[in-house]
1. What number of residues within the range 105-129 satisfy the criterion of being part of a helix (DSSP H, G or I), farther than 14 Å from ILE193 by Cβ and away from ligand 2 (no atom under 16 Å from the Cβ)?
2. Within the range 36-74, work out how many residues are exposed (fewer than 13 other Cβ atoms within 10 Å of the Cβ) and part of a loop (DSSP other than H, G, I, E, B).
3. Just checking, does the range 114-128 include any residue being touching a helix residue (DSSP H, G or I) at 6+ places or on another chain (Cβ under 9 Å) and at positive phi?
4. Sort out for me the helices (runs of 4 or more DSSP H) sitting completely within the range 196-290 that have 1 or more residues that are within 16 Å of ligand 2 (Cβ to nearest atom) and crowded, with 18+ Cβ neighbours inside 10 Å.
5. Name the single residue, out of those in the range 119-132 being more than 16 Å from ligand 1 (Cβ to nearest atom) and within 21 Å of the chain's Cα centre (by Cα), that is surrounded by the fewest Cβ atoms within 10 Å (Cβ to Cβ).
6. Quickly run through the range 75-85 and pick out the residues that are exposed (fewer than 15 other Cβ atoms within 10 Å of the Cβ) and either in a helix (DSSP H, G or I) or on the phi > 0 side of the Ramachandran plot (or both).
7. When LYS83 is evaluated against the numbered criteria (1) touching a helix residue (DSSP H, G or I) at 6+ places or on another chain (Cβ under 7 Å); (2) without any contact (Cβ under 8 Å) to a residue 24 or more places away in the chain; (3) within 16 Å of ligand 1 (Cβ to nearest atom), which criterion, by number, is the only one it fails?
8. When the residues of the range 337-365 are narrowed to those that are more than 19 Å from LEU140 (Cα to Cα) and surrounded by fewer than 23 Cβ atoms within 10 Å (Cβ to Cβ), which ends up nearest to ligand 1 (Cβ to nearest atom)?
Amino acid sequence: MLNIQSKLPGVSTTIFSVMSKLAAEHNAINLSQGFPDYACDPKLVQLVNKAMQDGFNQYAPMPGSTFLKETIAEKVEKLYNIKYNPETEITVTAGGTQAIFTALAAIINAGDEVIIFEPAYDSYAPTIKLLGGLVKTYELAPPTYAIDWDMVKKLFTVKTRMIILNTPQNPTGSILSSDDMKSLIKLVAGTDILILSDEVYEHLIYDEQKHQSVMLYPELKQRSFIVASFGKLLHATGWKLGYCLAPEKLTKEFRKVHQFNVFSVNSPMQQAIADYIKEPKNYTEIGRFFQQKRDYFRSLLADSRFKLLPCNGSYFQCVSYSGISDEKDTDFSMRLIKEFGVASIPVSAFYQKATDHKIIRFCFAKENATLALAAEKLKNV
Ligand code: PMP
Ligand code: GLN
C-alpha cells in the first residue's frame, strides 16, 4: 500500500460542490453556489466565436493579451482614477482563485503568518497551509461583521507577512468603509506587511456606496495584490478568467509563479472580453442590476420567518434561522434541501472552527422567477 501523507488533512470537497450536487440530486432550487442561472450577453458569446475565427487559438502572452491588459487599465482608470501599467502591473489569470493562489505562493514562506477575516472565502486558509504558512484568524460576528482594528493589531507578530481583505465580502455581503481603510493604513505603515485584496465583487455594491478599493489609498496600494474576476462581471463564472493588479515589484514575483502554474490563460476569451469591456456600459450597469435582485429577494422573504441580515454588496443574502430552529446550520441547510427544496450554504463552512451562528447564505444572482419560486418554498419553513 502506498503511504500518502495528505498535505491538507481535514480538507474535503468544497461546500459549493457538495451543495450544488445535493441540490441536483434532490431537484432543489439551487441558491447555494454563487453563479447566475441566466445566460450571459449573447454579444459576448459572438465575440468569443469571432476571436476563434480570427485565429486567436494559440498561447496568449504569459502575462495576458496586451489588448486585454490595456483595456483593463482603461477600465480601472475610468472607475477609480488610478493608473496601473498594463506591461508591468497587470496580469490576466484563470479566475480569481488562481490569482489568490499565485499571490500567496509568490510571497508566503514556511512559518509566515497570514491574517484572514472569517467567515472567509474557502480557498484562503487551505492555500496558506499548503504553502507552509500559518493562518491567523479573526472571527467576525453577525449581524454587521464589522472589524475592530485594535483586535487585528493584537494578531500581529514578527512573522505577520500578509493580510487578506475581501470587500464586498463573501459570504456576508458586508463592505469595508473608508474608515476601515484608514485604520488599516495606521496598522501597516512602517511594516513590510503585504495585502491581498480580494475585490471580485467590486461592481456588486449597493445603495450608492463607493467601493473602497485598496488602490485608492497609496499606502495600501504600494503593498497590495488586488484580485478581480470576470466571472461576476460578465455573468459567466464558468469562463474562469480574472486578473491581478499589483505594483511592479509585486507583479514581478507574481508572474514568476504564474508562468509555472498556468503560463497563460484562454486566448480567444481574452480577446472577446477586451472587445466587450471597451464599452463602459458593459460594466457600469451591473451594480444596479444586482441591487434590484437583492431588493426583490429581500422583499420576497420579508414575511417569512427568516431574519434578513444586512447586505451591502456581493451576490449573497445571509439570513438567520435562529427564530425557527436551533439545529446546526449544516443540518438545517440539509433539511432545507430535502424537505423544502431549496439549497443554501451554511455559513459555518466559512469558518475553520465551523462557528455556527445559525445563519445560512442564499445566492440571489438568479432569474426573478427562480427567486420567487424559492421564496414560496422558504415561506413554508
Ligand atoms: N473570491 C471570492 C470572495 C469569491 O466569492 C470567489 C468565487 N466567486 C472567488 C474569489 C473566485 O473567483 P473565480 O471564480 O474567478 O475563481
Ligand atoms: N464563489 C462562489 C461561492 O461563493 C463559488 C466558487 C466555487 O464554487 N469555488 O459560492
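Any read-out appearing in this document is the output of simple, stated calculations on the displayed coordinates, not a laboratory observation. Just so it is clear, the structure is predicted and the values come from calculations on it, not from any experiment. Because the Cβ atoms are built from the backbone with ideal geometry, glycine has one as well, and the counts that use them run over all protein chains shown.
1. 4
2. Summing the residues that are exposed (fewer than 13 other Cβ atoms within 10 Å of the Cβ) and part of a loop (DSSP other than H, G, I, E, B) in the range 36-74 gives 7.
3. no
4. 230-233
5. This residue is LEU130.
6. Residues satisfying the conditions are GLU77, LYS78, ASN81.
7. With respect to (1) touching a helix residue (DSSP H, G or I) at 6+ places or on another chain (Cβ under 7 Å); (2) without any contact (Cβ under 8 Å) to a residue 24 or more places away in the chain; (3) within 16 Å of ligand 1 (Cβ to nearest atom), LYS83 is out only on (3).
8. Ranking the qualifying residues of the range 337-365, first place goes to ILE337.
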